[in-house]
1. Which residues, if any, in region A:104-125 lose at least 40 square angstrom of accessible heavy-atom surface (probe 1.4 Å) when the other protein chains sit next to their chain rather than the chain being alone?
2. At 1.4 Å probe radius, can you tell me the per residue accessible area of region B:2-76 in Å²?
3. When you look at the Cβ of every residue in B:146-159, what mean number of other chain Cβ atoms sits within 10 Å?
4. Less than 10 Å Cβ to Cβ from A:GLN415, Lys/Arg counted +1 and Asp/Glu -1: what total charge do the surrounding residues give?
5. Work from the charge dipole of chain B (Cβ charges, +1 for Lys and Arg, -1 for Asp and Glu, about the Cα centre) and give the residue of B:GLY40, B:HIS64, B:THR10 farthest towards its positive end.
6. Relative contact order, percent, of chain B when contacts are C-alpha pairs under 8 Å separated by at least 6 residues?
7. Using only the alpha-carbon atoms, how far is helix B:22-34 inclined from the longest principal axis of chain B? Give it as 0 to 90 degrees, nearest 10.
8. Taking amide H positions as placed 1.01 Å from N in the peptide plane, with prolines and chain starts having none, which residues 5 or more places from A:VAL563, or on another chain, fall under 5 Å of its amide H?
Amino acid sequence: MLVESPTGLHYPITVVELAKKPEDDIQRGAPLFSYYYETTVTEGDKYGDEKEVKKKFPAGFESSKAGTLTRWFIQNGTVIQRAGVKLVEIDEPCTHETQFAGMCADCGKDMTEEDYMTDGRDVDRATVNMTHDNTSLLVSKKEALLAEEDAKRRLLGVKKLSLIVDLDQTVIHTTCERTIAEWQNDPNNPNYDAVKEVRSFQLADDRLANVAANWYYCKLRPGLKEFLDKVSTMYELHIYTMATRAYAQAIAKIIDPDRVYFGDRILSRDENGTDQVKTLHRLFPVNTDMVLVIDDRGDIWHWSDNLVKVRAYNFFLGAGDINASFLPKQVDLITDTAQTKAAELTKDVEKKSEDSNGEAQVVSIAAKPPESILAPVTNGVLTDLEKQLLTMSGGDNPDLLERQTKEQEKVIISQQTERPLLQKQLALEQAEETAEAEEDVDNADAPAPEQHKHKSLLHDDDDELIYIEACLRRVHRAFFDEYQKKRTAHQGGRIAELRGEKSPKKRAPDDLAVVPDIKTIMPRMKRAVLQGVSIVFSGIVPLGMDVQSSDIALWAKSFGAQVTTDITKQTTHVVANPSRKTTKVKRAANHPQIKIVTTEWLLQCFSKWERADEQPYLIQVDPAEHGAHGGSPEISAFDDLDEGPLLSAEDDGAISGEEDEDELKSPVNVDISEETWQSLGDEFQEFMDESDDDDQGTGSDTDSVNSENSVQTSSTTRSKKKRKRGTGSVDGSEADDSDASVSSSTGSKLQRKKKRVLERVTSLTNVVSADKSSGLPSPETTGPDEGQENGLGGEEDDDDGDAELEAELLAELERDDDE
Amino acid sequence: MFFLYELEKTIQLHPSFFGPLIRSHIHRELLAKEEGSNTGKYTIVCILDSFEVSEGQVVAGTGHAEYTVHYKAVVWRPFRGEIIDGVVSSVIRSGFFVECGSLQAFVGRSMIPSEIKYDANATPPQWTDNAEQIIEKGTQIRIKIKGLRSEVDKMFAIGTMKEDYLGPLMS
């Protein structure tokens with residue numbers, strides 16, 4: 001240990017004599033050398049005169065360390081000018097690299113002792129915590145590095161990587177609702193098949209004292225056993241969960257009864273230290289080159305490059321993650337189609353019954369942020385400061401653990417008392433009945449997957465693990481291919497073949513220097529997936545949320561996609577909510593090269609790590625709807641594009657040419673037969689009533705200004721017309737709409753408003769064909785958000801007899817005014 | 001090491017317990033609160049039956065009664081240099097943890113004889129000399145305490161097995 005001149009001495013000091021020679025044994029507190037320093041003091045003599053005198057004071061320097069002196073950096077007469085100068089090197093018998101609960105694990109000394117000689121606390125020598133199940137054991141950086149290199153060598157030897165596995169909603173899903181037990185005991189229940197394999201357990205040391213004998217119901221993600229089996233041959237598995245230790249161990253017992261996959265590599269929130277983030281450095285403090293993570297949440301990993309985000313496993317609808325109640329609320333935008341449909345069905349009933357449910361309420365997110373009584377809401381109470389405090393506090397903080405427990409208690413109690421699943425099942429059945437009665441259109445084309453006597457709420461059809469396994473296999477192969485290549489070439493090899501064959505050669509002792517970094521390999525593979533894709537989200541991210549930092553956007557970006565907030569020339573895909581036609585969707589519909597898809601497409605890409613075929617996920621947008629505005633939308637849309645990079649004349653030509661070609665292929669526009677028309681008609685009617693009127697007005701407005709100088713206009717218009725004829729859509733709309741656009745361009749705002757109101761009334765009172773209502777001109781609203789808001793308003797109108805009445809009255813009034 | 005130790009404890013009793021069975025209530029409370037607790041220096045293993053209860057005093061404002069109880073208990077206090085038996089609770093690369101009753105001890109790599117090596121590829125991981133000595137989770141083991149530290153209600157120890165007759169116990 002190097003001893004440096006400490007602070008707090010009266011510098012400069014001059015060394016007088018060294019008291020020890022190299023190889024001497026030194027006790028703690030033994031004098032190392034003597035020195036003197038000079039200072040001015042005030043001296044008085046017997047006459048009372050005072051004067052400043054410079055004086056030398058001798059002093060000794062004591063060793064703060066014990067050990068053997070190896071060498072001096074100073075000699076007799078050296079003047080030391082400041083603190084931090086090297087003095088002497090002492091070889092200590094124990095450097096306290098590993099410390100357990102404030103004691104050195106190597107010599108048993110208490111590290112927390114301090115006295116007047118202590119110049120650096122011994123506890124600070126070991127600060128890295130890299131043990132899964134213990135927070136008291138700390139090691140020094142050096143030790144951590146050694147340990148990690150050891151582990152790396154071992155893993156390279158057996159050709160494995162490390163994989164950190166999250167539990168809740170990644171490989172399992174747990175709820176506390178005792179409804180599950182009832183369903184399990186009732187073979188006639190529609191959910192019986194789904195829940196019969198749910199495992200239940202109790203925690204012995206459950207600290208939720210108020211909750212008597214709490215049962216947990218744990219559903220394994222389908223295919224988990226095979227997944228672990230296969231993956232454990234390529235990866236050393238660790239569990240890293242935000243649940244309590246007891247819970248994590250109970251789960252580990254279920255998914256890994258023989259402890260062959262995970263062993264004791266389980267890290268729970270009791271040991272994590274913070275409850276806001278998970279960090280790789282907790283387990284791999286120095287080097288994360290060979291570590292992968294699978295988790296359903298990206299935010300708590302800060303979207304680390306090592307992360308493979310998986311789709312959250314949401315089996316017990318509305319249960320969410322019972323162990324993440326203290327985490328920032330995750331806005332869930334997406335679920336399986338089956339679930340979405342279930343949620344859709346229940347939606348209406350829920351509204352009435354004020355049912356509380358959590359994240360499964362997908363559809364209503366766009367309409368209204370779900371105000372659930374469930375846990376996630378309680379997070380909102382935490383201020384940023386508190387969060388930060390929580391983050392900073394250590395692992396043994398009893399307050400923190402207490403708080404987490406309380407949060408969780410709330411969730412569990414609410415699940416036990418409110419029983420959201422039971423409510424949902426009831427709601428579902430109710431909805432079904434009403435649907436049957438009314439011949440609901442939505443319900444009719446929704447495929448009913450499990451038709452018992454009632455539809456079951458729970459669906460056991462998740463196949464995510466298969467895809468994850470495939471991805472992990474690819475990464476594993478890519479990593480070791482690259483490693484092999486680098487080792488043979490021994491210089492930075494080219495980009496590894498992603499699908500190379502495994503080398504049959506036996507691995508010689510490795511060289512750690514050439515180990516490739518998973519943080520470059522995996523992102524490279526991922527980015528290739530959606531390379532060149534530019535995505536605009538519409539009706540997906542809740543209002544008031546920054547699109548760029550939303551989970552789905554970050555997720556998409558990690559796959560190499562570009563995310564923009566508005567449709568530009570580069571936009572290739574619009575990811576939209578199929579149940580809502582927003583401004584962006586309509587604008588995108590005018591560009592055949594832009595594919596309008598559901599989030600499912602994106603999720604498929606994420607799952608499979610390849611660009612999925614868009615065809616099954618396309619949202620059919622009625623060409624008549626966007627074509628029905630008197631040729632104006634095309635131009636308006638191009639105006640919008642012009643906001644981005646300016647279009648030159650050549651550009652325009654090129655684009656229109658492309659468009660024409662695309663048109664023939666593009667399914668959005670071409671493949672709409674009369675039958676599809678009929679079946680979709682009613683649906684469109686609904687949407688148009690909601691938001692069209694507002695959205696399209698923009699088009700006509702801008703049109704009136706720009707159409708004259710736009711060379712492009714005619715060609716595109718022509719192409720649009722051609723398309724329309726091809727699809728055989730309703731033509732009356734055209735004349736209608738051109739009228740509308742003309743009038744709107746010339747008329748005043750007031751007139752337009754009035755007209756809109758009039759139109760709305762008619763469209764609501766007489767059930768007419770789509771073209772009539774689509775021709776609504778609109779007020780001055782612009783922008784995508786506006787469209788969504790208006791969509792909301794429209795919905796309310798539909799629901800509400802009052803609003804209808806109001807509109808009618810208003811219309812009457814204005815008519816009167818006119819006359 | 002075990003000791004017979006005389007202790008004192010103040011117990012507060014809710015008014016609903018006042019009655020002929022008050023002594024048994026106090027006893028129950030004493031056992032529940034004290035037995036198995038750790039003061040940081042020693043663990044109270046067992047409270048002996050004979051105990052003295054002082055006159056009760058009603059606490060102003062709450063209605064609770066306060067009793068001072070004198071009792072004798074068997075306590076356990078570990079000492080540096082003591083040899084204790086325990087059960088291995090966790091095995092890691094840098095050593096292993098031993099539970100010795102209320103005491104958690106850690107035996108670091110440097111405290112393990114050099115012929116016993118860590119084997120991470122075994123499931124579960126273990127320390128072994130590839131002969132009869134295998135240290136894995138659940139192994140009974142004898143260690144010597146090398147260092148002791150106590151916090152408010154916990155005790156920690158550093159153990160060693162680098163001396164004769166220490167190590168896994170053969171059953």
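1. Relative to the lone chain, where solvent access is computed with a 1.4 Å probe, region A:104-125 loses at least 40 Å² at A:ALA105, A:ASP106, A:GLY108.
2. Per residue, region B:2-76 has 61 Å² of solvent-accessible surface.
3. Numbers: counts 7, 12, 4, 10, 2, 5, 0, 0, 3, 1, 5, 4, 12, 3.
The shielding value for this peptide is 5.
4. Around A:GLN415, the charge tally is +1.
5. My answer, from the dipole projection, is B:GLY40.
6. So the answer I get is 21 percent.
7. 30
8. The list, which skips near neighbours in sequence, is A:ILE535.
The values are calculated or read from the model by the stated rules, or taken from the named source; none is laboratory data. Just so you know, these numbers come straight off a predicted model, no measurement behind them. Glycine gets a Cβ as well: all are built from the backbone with ideal geometry, and neighbour counts include every protein chain shown. Heads up: the accessible areas ignore ligands, DNA and RNA and are worked out on the full protein's heavy atoms, side chains in. Shrake-Rupley method; radii C 1.70, N 1.55, O 1.52, S 1.80 Å.
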